[in-house]
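Report on the structure given below.
The values are calculated or read from the model by the stated rules, or taken from the named source; none is laboratory data. Nothing here was measured: the structure is a model prediction, and the numbers come from that model. FYI the Cβ positions are ideal-geometry reconstructions off the backbone, even for glycines, and counts take in every protein chain you see.
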Amino acid sequence: MIGRNVIINVAHEVGFDLVGVVRAEPLNEERNRFKEWLLGGNASTLHYLERNIEKRFDAGLLVDGSRSVIICAVSYLSPYAKSDLSGSSTKIAAYALNRDYHLTIKEMLAEVAQRLKVFAPQLRYRAFTDSAPLSEKSYARRAGLGWIGRNSLLVNPKYGSMLHLGELIIDDVVDEYDTPLVGMGCGSCHACVDACPNGAIREDRTIDTRRCISCRTIEREGGDAVPLDGWIFGCDACQKVCPFNLHAPLHSNPKFDPIVAAEEFVAERLASMTDEEFRAIAGDTPMTRAGLDRLRRNAEQ
């Protein structure tokens with residue numbers, strides 16, 4: 001058995017802002033809602049969401065011998081994220097100006113695990129980010145890290161929604177587990193719903209990816225074209241108006257400082273940029289996932 005306080009302290013030392021621990025139990029209610037969402041055609045071209053559904057909502061199926069799930073979160077809220085982009089011809093989701101968070105989060109989780117092994121040498125674990133089939137927002141909600149906002153994102157009362165999540169699934173029990181927050185939520189606020197340019201936010205706090213600009217600028221292309229409202233990679237429209245983000249502190253972990261300026265990707269610059277220049281500028285950011293040609297097409301819409 002490992003102590004919850006040990007886990008919390010170690011994760012904070014490594015640089016995470018929020019930490020919670022829950023049992024590796026199935027999330028039956030969340031799984032059923034997800035299936036209904038899929039049946040509504042809301043996944044659009046994101047066909048990978050139709051695979052591994054049972055594992056996605058049951059950490060015990062995802063990792064043999066799992067007993068507990070440690071959920072960690074870190075803020076990436078930057079001055080750019082809070083800035084007024086209404087006059088910008090090309091807009092980029094704030095996280096995309098940083099080093100690819102999949103790499104950074106995985107490294108941080110590995111460090112947490114190695115430090116925990118000092119206290120529990122036989123501990124076995126697997127680390128995950130959102131690239132794995134695990135409903136991390138659902139586990140984070142159960143661990144008390146926040147609630148699911150109207151825009152389907154995890155919202156924390158202090159840090160808002162500009163959070164990266166990562167999980168350690170371990171084969172040990174913990175002396176104390178966390179519980180969901182109570183008495184907190186979005187209340188009557190619909191700012192994110194009203195701010196979404198294409199009305200992609202559904203009443204049940206899920207997203208219609210057929211209309212979502214973030215999905216349309218990054219994920220597999222196909223389906224009907226939608227207005228991009230100047231966004232060329234991702235979209236922060238719903239997050240920029242969230243009251244919790246407006247009052248949240250800027251991120252404090254330097255690992256999530258921007259490593260490239262948004263001005264590097266204005267339409268005129270993209271039009272003349274070579275592949276070599278793009279790789280040199282954006283090589284460590286998530287924007288390489290889309291590629292230069294995709295960014296150019298997005299900028300032309």
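List of remarks:
- Taking first residues from the stretch 64-90 that are at negative phi and partners that are of a type in the set (Ser, Thr, Tyr), the Cβ contacts under 7 Å between residues at least 6 apart in sequence or on separate chains come to Val69/Tyr139; Ile71/Tyr139; Ser75/Tyr159; Tyr76/Tyr95.
- Of the helices (runs of 4 or more DSSP H) lying entirely inside the stretch 1-94, those carrying at least 3 residues that are among the acidic types (Asp, Glu) and either under 25 Å from Arg202 (Cα atoms) or in contact with a helix residue (DSSP H, G or I) (Cβ under 8 Å, 6 or more places away or on another chain) (or both) are 28-39.
- Ala132 meets the conditions (1) at pLDDT below 95; (2) over 14 Å from the mean Cα position of the chain (by Cα) in every case but one. The failed one is (2).
Results for (1) closer than 28 Å to Ala11 by Cα; (2) among the β-branched types (Val, Ile, Thr), shown as yes or no for each residue.
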site: Cys238; (1), (2): no, no
site: Val241; (1), (2): no, yes
site: Phe244; (1), (2): yes, no
site: His251; (1), (2): yes, no
site: Pro254; (1), (2): yes, no
site: Ile259; (1), (2): yes, yes
site: Arg269; (1), (2): no, no
site: Arg289; (1), (2): no, no
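Every residue, every condition in (1) out of contact with any strand residue (DSSP E or B) (no Cβ under 8 Å at 6 or more places or on another chain); (2) closer than 25 Å to Leu163 by Cβ, yes or no:
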| position | (1), (2) |
| --- | --- |
| Val182 | yes, yes |
| Ala195 | yes, yes |
| Arg210 | yes, no |
| Glu219 | yes, yes |
| Asn245 | no, yes |
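- Residues that are assigned to a loop (DSSP other than H, G, I, E, B), closer than 24 Å to Lys82 by Cβ and not hydrophobic (A, V, I, L, M, F, W, C) within the stretch 257-293 comprise Asp257, Pro258, Asp284, Thr285, listed in sequence order.
- Residues (surrounded by fewer than 14 Cβ atoms within 10 Å (Cβ to Cβ), without any contact (Cβ under 8 Å) to a residue 40 or more places away in the chain and either farther than 19 Å from Ala299 by Cβ or among the acidic types (Asp, Glu) (or both)) located in the stretch 248-276: Pro254, Glu263, Glu268, Asp275, Glu276
- Residues of the stretch 1-48 that are among the β-branched types (Val, Ile, Thr) and without any contact (Cβ under 8 Å) to a residue 40 or more places away in the chain: Ile8 alone.
Listed here are the residues, each with its yes/no results for (1) buried (at least 19 other Cβ atoms within 10 Å of the Cβ); (2) more than 30 Å from Arg211 (Cβ to Cβ); (3) in contact with a Phe, Trp or Tyr (Cβ under 8 Å, 6 or more places away or on another chain).
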{"residue": "Thr90", "(1), (2), (3)": "yes, no, yes"}
{"residue": "Asn98", "(1), (2), (3)": "yes, no, yes"}
{"residue": "Glu107", "(1), (2), (3)": "no, yes, no"}
{"residue": "Glu111", "(1), (2), (3)": "no, yes, no"}
{"residue": "Pro121", "(1), (2), (3)": "no, yes, no"}
{"residue": "Leu134", "(1), (2), (3)": "yes, no, yes"}
{"residue": "Tyr139", "(1), (2), (3)": "yes, no, no"}
{"residue": "Arg150", "(1), (2), (3)": "yes, no, no"}
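- Restricting Glu107, Glu111 to those that are out of contact with any strand residue (DSSP E or B) (no Cβ under 6 Å at 6 or more places or on another chain), without any contact (Cβ under 8 Å) to a residue 24 or more places away in the chain and not in a loop (DSSP other than H, G, I, E, B) reduces the list to Glu107.
- Once the stretch 50-60 is narrowed to residues that are surrounded by fewer than 22 Cβ atoms within 10 Å (Cβ to Cβ) and closer than 23 Å to Ile7 by Cβ, the residue that is farthest from the chain's Cα centre (by Cα) is Gly60.
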